[in-house]
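Undergrad: Dropping a structure here in structure tokens format, bear with me for questions.
Since every read-out is calculated from the coordinates, none of them should be taken as a lab result. Treat the numbers as computed from the prediction; the structure is a model and nothing was measured. Cβ atoms come from the backbone with ideal geometry, glycine included; neighbour counts cover every protein chain shown.
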Amino acid sequence: MFHINDNFTKLPGSYLFAEIARRVKEYQAANPDADIIRLGIGDVTKPLVPAVIEAMHKAVDEMGVQETFRGYGPDFGYDFLVNAIREGDYATRGIDIAYDEVFVSDGAKCDVGNIQELFSDDAVIAVTDPVYPVYVDSNAMAGRAGDYVDDKWSRLVYLPCNAGNGFVPAVPDCDVDVLYLCYPNNPTGTVLTKEQLKVFVDWAREHGAIIIYDAAYRAYVTQKDIPLSIYEIEGARECAIECNSFSKTAGFTGTRCAYTVIPHEVMGLAADGSKVSLNALWKRRMATKFNGVSYPIQRAAAAVYSPEGQAQIKEVIAGYMENARIIRESLMAQGYEVFGGINAPYIWLKVPEGMTSWAFFDLLLDKCHIVGTPGCGFGPSGEGYFRLTAFNTLELTKKAMERISALK
Ligand SMILES: *Cc1c(COP(=O)(O)O)cnc(C)c1O
């Protein structure tokens, strides 16, 4: 019989959310009257804004008329969207991104998962810990992660982020080829200042490494001096690829549109020692394996950059961030050590001394009927921490915090 890609059999099961669902189901069965509030939601919950819906409707109608019907679009995105991205997300912050440095796609998850195809089989990969699992699993599937032993991959370099280092990881102290960074961070909700991010850009340039920068939560940044793009850092055009998405920015998780930026300066070494442009490789890859995002969805995404679109999405995000503020402040008032929640919809808290993440999960479920996410599910350094999210309603967020306050 034929052989499969054995790297898949090395992957641990997607244990975290299955185990959460199992425990909640079991608890609900034993306590049918328990009115459970979910603060583990990692998805937006508010509807698409009117400017987006209007643009999408109009584009759908165009598809039904001979004169305005569109078949396959350009491989890397329609001009109107690519230019809206260049202007709205970069030029407004003083960053010049060329037209052919933007690649429109159907998701940042796909992009951050697929980008590893450009790296050699033996590339050494580093991730922050805790981490968004896609960076790890996509490299494990390609055979770069080694073996999964004691909750860690043997060939991955983990950069711990914890209260001890203020969630600012140290640069790798060994040879690393590819570093994944996500800021504002999922799951910790923490950010890096320009100075802190510059340390990584300088390290990457000095070591000939590349940074894959996931900026999916950039729209949640509220503090003025926090970078929204890695290209705000001098030298980043030589060493960084940036992935971005309309999912969290504009509620597109079920609509699907994202983009990746690869500056022309980003080069990698070929086997013969010559330098090769990653932008050119990604163009080749996308032209081969991707056929573009649908026209109505690209119109919808472009509408996010209109003045109405901007005002409307800012209001939605402000609503989520009000929930984040409430969670953060009520937990702090209860004496919890709390991180994130200022520039991201995630609140990362230290569980009470002597407790594991799962013990705290059970306590919160049992005593408060609240579901959150145990930090250990995001990597070894997540043990002892717990994630709450700001995506529930204001009413239920407040109710959940009242329950936690009554606990102490
Ligand atoms: C939600 C999320 C994304 C967005 O993924 P899409 O595929 O664009 O929906 C990307 N990165 C992180 C870390 C996320 O949490």
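Undergrad: If you count, for each residue, the other Cβ atoms within 10 Å and average over each peptide, how do 394-401, 174-181, 33-40 line up from highest to lowest? It would help to have the intermediate numbers written out before the result.
TA: Values: 394-401: 17.9, 174-181: 20.1, 33-40: 15.8.
For the peptides 394-401, 174-181, 33-40, the packing ranking is 174-181, 394-401, 33-40.
Undergrad: Which peptide among 295-302, 118-125 comes first, and what is the full order, when sorted by highest mean count of other Cβ atoms within 10 Å? Don't skip to the answer; put the middle values down first.
TA: Values: 295-302: 24.4, 118-125: 16.1.
Packing order, densest peptide first, comes out as 295-302, 118-125.
Undergrad: Using 0.36 nm times the number of residues separating LYS194 and ALA311, minus their current alpha carbon distance, what extension gain do you get?
TA: Details: separation 117, 0.36 × 117 = 42.12 nm, distance 2.63 nm.
Using 0.36 nm per residue and subtracting the Cα-Cα distance, I get 39.5 nm.
Undergrad: Follow-up question, since we're still on this one. Which of the three applies to segment 114-190, rounded, prolate or oblate, going by the alpha-carbon gyration tensor with a ≥ b ≥ c and a/c under 1.5 meaning rounded? Mind dumping the intermediate values first?
TA: Numbers: a/c = 1.70, a/b = 1.60, b/c = 1.06.
Prolate is the answer for segment 114-190, as a/c is 1.5 or above and a/b outweighs b/c.
Undergrad: Let me ask you something else. Using amide H atoms built in the peptide plane, which far-off residues or other-chain residues are under 5 Å from ASP129 H to H?
TA: Result for ASP129 returns LEU159, CYS161.
Undergrad: For the ranges 19-29, 219-229, 366-376, what's the packing order if you count other beta-carbon atoms within 10 Å of each residue, average per peptide, and put the highest first? Mind showing how you got there, number by number?
TA: Values: 19-29: 13.6, 219-229: 17.1, 366-376: 21.3.
Ranking, from highest mean packing down: 366-376, 219-229, 19-29.
Undergrad: When only Cα pairs under 8 Å and 6 or more residues apart are kept, what is the percent relative contact order across the chain? Write down the numbers at each step before the final one.
TA: Numbers: 758 pairs, mean separation 93.6, N = 408.
Here the relative contact order equals 23 percent.
Undergrad: Just check segment 261-342 against the gyration tensor rule for me: Cα atoms, a ≥ b ≥ c as the square roots of the eigenvalues, rounded for a/c under 1.5, and otherwise prolate or oblate depending on whether a/b exceeds b/c. Walk me through the intermediate numbers first.
TA: Values: a/c = 3.84, a/b = 1.68, b/c = 2.29.
It is oblate, given that a/c is not under 1.5 and a/b is not larger than b/c.
Undergrad: Could you tell me the center-to-center distance, by alpha carbons, between segment 364-406 and segment 30-55 in angstrom?
TA: If we compute the Cα centre of each part, the gap is 15 Å.
Undergrad: Further, regarding this structure: Round to the nearest 0.05 the FRET efficiency obtained for ILE53 and LEU394 when R0 = 30 Å and r is the Cβ-Cβ distance.
TA: Working: r = 23 Å, r/R0 = 0.75.
The calculated FRET efficiency here is 0.85.
Undergrad: Give, in nm to one decimal, the length gained when the segment between THR9 and VAL171 is fully stretched (0.36 nm per residue of separation minus the Cα-Cα distance). It would help to have the intermediate numbers written out before the result.
TA: Values: separation 162, 0.36 × 162 = 58.32 nm, distance 3.10 nm.
Stretched fully, the THR9-VAL171 segment lengthens by 55.2 nm.
Undergrad: Quick one: which residues, 5 or more positions from PHE386 or on another chain, have an amide H under 5 Å from its amide H? H modelled 1.01 Å from N in the peptide plane, none for Pro or chain starts.
TA: The answer is LEU349, VAL351, GLY375.
Undergrad: Counting each DSSP H run of 4 or more residues in the chain as -39500 (n - 2.57), what helix-only mean residue ellipticity at 222 nm follows after dividing by all residues, to the nearest 500 deg cm²/dmol?
TA: -11000 deg cm²/dmol
Undergrad: Moving on to the next point. On a 23 Å Cα-Cα criterion, which of the cross-link pairs LYS314/LYS350; LYS10/LYS152; LYS25/LYS367; LYS224/LYS314; LYS46/LYS314; LYS224/LYS283 come out too long?
TA: Details: LYS314/LYS350 30 Å; LYS10/LYS152 12 Å; LYS25/LYS367 16 Å; LYS224/LYS314 15 Å; LYS46/LYS314 12 Å; LYS224/LYS283 34 Å.
Flagged as over cut-off: LYS314/LYS350; LYS224/LYS283.
Undergrad: I would also like to ask the following. Using Cα centres only, tell me the gap between segment 300-341 and segment 122-187 in whole Å.
TA: Segment 300-341 and segment 122-187 have Cα centres spaced 27 Å from each other.
Undergrad: Percent relative contact order of segment 316-391, based on C-alpha pairs within less than 8 angstrom and at least six residues apart?
TA: About 30 percent, as a whole number.
Undergrad: Something else: Kindly provide the chymotrypsin sites (Phe, Trp or Tyr not before Pro) of segment 319-354 that DSSP labels as loop, not H, G, I, E or B, and whose Cβ sees at most 15 other Cβ atoms within 10 Å.
TA: Working: sites: TYR320, TYR336, PHE339, TYR346, TRP348; in loops: TYR336.
Answer in residue order: no site qualifies.
Undergrad: Restricting everything to alpha-carbon atoms, can you work out Rg to Rh for segment 1-100 with a Kirkwood hydrodynamic radius? All intermediate terms of the calculation are to be shown ahead of the outcome.
TA: Details: Rg = 23.5 Å, Rh = 20.0 Å.
Reported Rg/Rh (Cα atoms, Kirkwood Rh): 1.17.
Undergrad: Another question, if that's okay. Take every Cα-Cα distance within the chain, group them into 20 Å bins from 0 onward, and report for each bin the whole-number percent of pairs it holds.
TA: That works out to 26, 57, 17, 0, in percent per bin.
Undergrad: Could you tell me the relative contact order of segment 112-263? Use alpha-carbon pairs under 8 Å, at least six residues apart, and round to a whole percent. List each step's numbers first, then the result.
TA: Numbers: 269 pairs, mean separation 27.5, N = 152.
About 18 percent, as a whole number.
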